[in-house]
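Enquirer: Here you go, one structure.
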Amino acid sequence: MIKPDAVSAGHTGAIIKIIEEAGFGIHAMRKLQLSRKRAGDFYAVHSERPFYQDLCQYMSSGPIVAMVLTKDNAVEDFRTLIGATDPAQAAPGTIRQLFAKSIEANAIHGSDSPENAEIESNFFFSGMDRY
Ligand code: CMP
């Protein structure tokens, strides 16, 4: 998911180019704006964290671009491509190092396991949208 800061800054195309050049296929893609409730549902696992309310506010503040990507070892390779959550810790050349504004407005989200990739794909795409 390309997050509101990166979409509003006009980085969608540059980020997709990096993703494709890294060997990922785009299986499904959709631009939409989450309601605060839907943002809260997406990040429900963080509901007890101190940053949760701010995160929901931020994630519903503008359009995002959701994608289902394909590649061998996709989850792990994508997490390497996007870099650490905190852009100050992100390796050079990673998407977050290049485009993130802060630990919250960090440009992009990647699923942290194949199980969550399935759950998060179903969150944004269902039925014939996906196949
Ligand atoms: P993401 O990888 O999408 O997962 C949780 C999100 O919470 C994270 O990226 C950031 O956008 C946001 N966030 C805000 N503050 C923090 C923090 N201190 N630690 C981790 N994530 C944070």
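Enquirer: Please work out which one of (1) under 16 Å from residue 117 (Cβ atoms); (2) within 12 Å of the ligand (Cβ to nearest atom) is the condition residue 87 fails and give its number.
Expert: (1)
Enquirer: Filter the range 53-75 for residues that are more than 13 Å from the ligand (Cβ to nearest atom) and either in a strand (DSSP E or B) or over 14 Å from the mean Cα position of the chain (by Cα) (or both); which is nearest to residue 3 (Cα to Cα)?
Expert: This residue is 65.
Enquirer: With the requirement that a residue be touching a residue at least 40 places away in the same chain (Cβ under 8 Å), in contact with a strand residue (DSSP E or B) (Cβ under 6 Å, 6 or more places away or on another chain) and crowded, with 19+ Cβ neighbours inside 10 Å, what does the range 68-95 give you?
Expert: Listed by number, the residues that qualify are 68, 95.
Enquirer: Checking residue 42 against (1) in contact with a His (Cβ under 6 Å, 6 or more places away or on another chain); (2) touching a residue at least 60 places away in the same chain (Cβ under 8 Å), only one condition comes out false. Which one?
Expert: All conditions are met except number (1).
Enquirer: Being surrounded by 13 or more Cβ atoms within 10 Å (Cβ to Cβ) and more than 10 Å from residue 67 (Cβ to Cβ) is the filter here, so list the residues in the range 24-35 that pass it.
Expert: Once the filter is applied, which keeps residues that are surrounded by 13 or more Cβ atoms within 10 Å (Cβ to Cβ) and more than 10 Å from residue 67 (Cβ to Cβ), the range 24-35 yields 33, 34.
Enquirer: For the list (1) within 16 Å of the ligand (Cβ to nearest atom); (2) open to solvent by 30 Å² or more (accessible area, probe 1.4 Å); (3) of a type in the set (S, T, N, Q), I need the number of the one condition that residue 12 fails.
Expert: Among (1) within 16 Å of the ligand (Cβ to nearest atom); (2) open to solvent by 30 Å² or more (accessible area, probe 1.4 Å); (3) of a type in the set (S, T, N, Q), the lone unmet condition for residue 12 is (1).
Enquirer: Here's something else I'd like to know. Can you name the residue in the range 23-52 that is touching a Lys or Arg at 6+ places or on another chain (Cβ under 6 Å) and not aliphatic (A, V, I, L, M) and is also farthest from the ligand (Cβ to nearest atom) among such residues?
Expert: Result: 23.
Enquirer: Of the numbered conditions (1) farther than 16 Å from residue 17 by Cα; (2) out of contact with any Asp or Glu (no Cβ under 7 Å at 6 or more places or on another chain); (3) free of Cβ contacts under 8 Å to residues at least 60 places away in the same chain; (4) open to solvent by less than 50 Å² (accessible area, probe 1.4 Å), residue 64 satisfies every one except a single condition; which is it?
Expert: Unmet for residue 64, out of (1) farther than 16 Å from residue 17 by Cα; (2) out of contact with any Asp or Glu (no Cβ under 7 Å at 6 or more places or on another chain); (3) free of Cβ contacts under 8 Å to residues at least 60 places away in the same chain; (4) open to solvent by less than 50 Å² (accessible area, probe 1.4 Å): (3).
The values are calculated or read from the model by the stated rules, or taken from the named source; none is laboratory data. Fair warning: this is a prediction, and the values are worked out from it, not measured in the lab. Ideal geometry is used to build each Cβ from the backbone, glycine not excepted, and the neighbour counts take in all protein chains shown. We work out accessible area using only protein heavy atoms, side chains counted, and drop any ligands, DNA or RNA first. Shrake-Rupley method; radii C 1.70, N 1.55, O 1.52, S 1.80 Å.
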